[in-house]
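Encoded as structure tokens, the structure appears first; notes follow it.
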Amino acid sequence: MFLEFFKSLQEGKLIGMKCKDCGSYTCPPKQSCNKCSSRNLEKVTMSGRGIVKTYTVTYVAPMGYEKEVPYIVALVELEEGPWIIGRLDVEAKIAEDNDLTEKRVSVFAKEMPGEIFYPLKDKRIVPYFRLEG
Amino acid sequence: MRVAVIGVGMTRFGKHPEKSLVDLFAEAFWEALNDANIELKDIEAVYFGNFVGELTDGSANLSGFVADEIGLKNAPAIRYEGACASSTVAFREAVRAVKAGYHKCVVVGGAEKLLSAGTAIGTRALATAVDGIYEMTAGLTFPGVFALAARYYGKKYEIPLQKLREMIAYVSVKNHRYGAMNPKAQFYGKYGDLKVEDVLNSKMICSPLTLLDCCPMTDGGSAVIIANEKFAKDVCDKPVYVLGTGQASGGSLFRQEDDIIKAIPRKKAAEMAFKEAKITPKDVDFVEVHDCFTIAEIIALEAMGFFDYGTACYATAEGVTSMDGDLPVNPDGGLIGKGHPVGATGTSQIYTAVKQIRGEFKWNQVKNARIAMTDTLGGDFGTLVNVILGVD
Ligand SMILES: [Zn+2]
């Protein structure tokens, strides 16, 4: 389902799964509920908004990602509950000089070059987080 | 019937561009065979841990080549992959096979060549242990995983980031001090008098973690020979028994949410091992934990039950985990001081545990060491294995 997830994100929609048994959300989609393991799930569009829980400025990148440094990997807690991973869309210096945890963000997609080991060979779709207000 | 370790061996950890993965395993194996004082024909199977031979050396299906190299022609040989825990996964599977009566005596070990592969390939190879789609598209690396955990640890337990960086730096200072004393370590004779400031001021890799918060890339091999209790007693003066093992798994880092600093799979694996060994954390004389990064040692000690969540950093800074503290941690230097040849790391922890329990770890011997626990982590809390070893 990852292709659909990335394609939707490019169209401005963050998709996830809502559990009909326990009511919790799983995002990106998984074939079982991340909380209760139920398969009784329905596809939903998430708000795309959340708060930064933690982040790191990456200065040493793996082969294929060297041109992107420094980049900021972040974990964001969505309004609906699940945590997702992506990149913070701010300058490295701002992320180093300020504590950006607990800041409100919204998610959007950026297209980046693919690399030989990535499942999509021609490009990567990267979830990016934009600081709100 | 119980299972015992009867022989251990490991190569010097460091850079070995002139040796193949098979050579590194074989070198460790000969030492283990000599240590066990048995004959080659006594060994019935090969359990081999390797993570990324495909990427570093263009070889994946290594187990048959490994068995053939040491002369165990046609013996069943299996490669185990559990990222950095590969050879501990192999060890646990081997223990269970011997315990179940399928084998009398087998060898377990591993080999990896990350240093010779270079930083770019090495970093990409290590990153194959994260979620290959969602985490990889963001460019998450292993220092990145623990950098995310470190910042969150500080927030969650209300420790200012700079104060946390100083406290976790003690892990690097301690483990480099012990690594510098260990003739098999990558940093033998180096960094023995490292200071907290050196760690804080070294090159930033993934903030807040610097180069000296990280274990190095390493080439190396390790091997241990295990046997059932009857055979062990026949051939060995001082068998070291496997008292308990535990293993658990976890999914992508982001799906672990608030638990990224609690390492729940490790908590479950450790509880399983303690239950089987019928002991509690306070019965353990010393531990070998997976300190791939400074903060990783802190998280490990808390999840295993040695310290409450949010407190191991204070205990470490106070010296509780040093040789003269209540719980010596990583007397061989750990991954930070000894090196981390991924697939070989797990059985090198077993090597140290056995040598310590026998009283043969003379360059940094834990006094009256009778019960040891090892902890190996594969991926971002994806594969966790704990082993408890001891003597009667
Ligand atoms: Zn559910």
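The set of residues in the range B:236-267 being part of a helix (DSSP H, G or I) and surrounded by 18 or more Cβ atoms within 10 Å (Cβ to Cβ) consists of B:Leu253, B:Phe254, B:Arg255, B:Gln256, B:Ile260, B:Ile261, B:Pro265, B:Arg266, B:Lys267.
I'm checking my understanding of the structure. Among residues of the range B:323-340 that are surrounded by 19 or more Cβ atoms within 10 Å (Cβ to Cβ) and among the small types (Gly, Ala, Ser), which one is nearest to B:His290 (Cα to Cα)? The extreme case among them is B:Gly334.
Within the range A:27-48, restricting attention to residues that are more than 8 Å from the ligand (Cβ to nearest atom) and charged (D, E, K, R), the residue that is farthest from A:Glu79 (Cα to Cα) is A:Arg39. Set side by side, the residues A:Met1, A:Met17 differ, and just one is more than 9 Å from chain B (Cβ to nearest Cβ), away from the ligand (no atom under 16 Å from the Cβ), within 19 Å of B:Gly251 (Cα to Cα) and in contact (Cβ under 8 Å) with a residue 24 or more places away in the chain, which is A:Met1. The number of residues in the range B:127-149 that are crowded, with 23+ Cβ neighbours inside 10 Å, touching a residue at least 24 places away in the same chain (Cβ under 8 Å) and either assigned to a loop (DSSP other than H, G, I, E, B) or more than 8 Å from every other protein chain (Cβ to nearest Cβ) (or both) comes to 7.
The residues of the range B:154-177 that are touching a Cys at 6+ places or on another chain (Cβ under 8 Å) and either within 11 Å of another protein chain (Cβ to nearest Cβ) or crowded, with 24+ Cβ neighbours inside 10 Å (or both) amount to a single one, B:Ile168. Restricting to the range B:195-214, give me the number of residues that are away from chain A (no Cβ under 14 Å) and surrounded by 22 or more Cβ atoms within 10 Å (Cβ to Cβ). Final tally of qualifying residues: 1. The number of residues in the range A:81-133 being modelled with pLDDT of 95 or more, facing another protein chain (nearest Cβ under 9 Å), more than 18 Å from B:Glu257 (Cα to Cα) and surrounded by fewer than 16 Cβ atoms within 10 Å (Cβ to Cβ) comes to 2.
State whether the residues of the range B:23-36 include one that is touching a His at 6+ places or on another chain (Cβ under 7 Å) and under 19 Å from B:Val95 (Cβ atoms). No, the range B:23-36 has no match at all. The residue of the range A:20-75 that is nearest to B:Glu158 (Cα to Cα), among those that are among the charged types (D, E, K, R) and more than 12 Å from chain B (Cβ to nearest Cβ), is A:Arg49. Within the range B:55-89, the residues that satisfy the criterion of being within 18 Å of B:Thr218 (Cβ to Cβ) and not in a loop (DSSP other than H, G, I, E, B) are B:Leu55, B:Thr56, B:Asp57, B:Gly82, B:Cys84, B:Ser86, B:Ser87, B:Thr88.
The values are calculated or read from the model by the stated rules, or taken from the named source; none is laboratory data. These numbers were taken from a predicted model, which means no experiment stands behind them. Cβ atoms come from the backbone with ideal geometry, glycine included; neighbour counts cover every protein chain shown.
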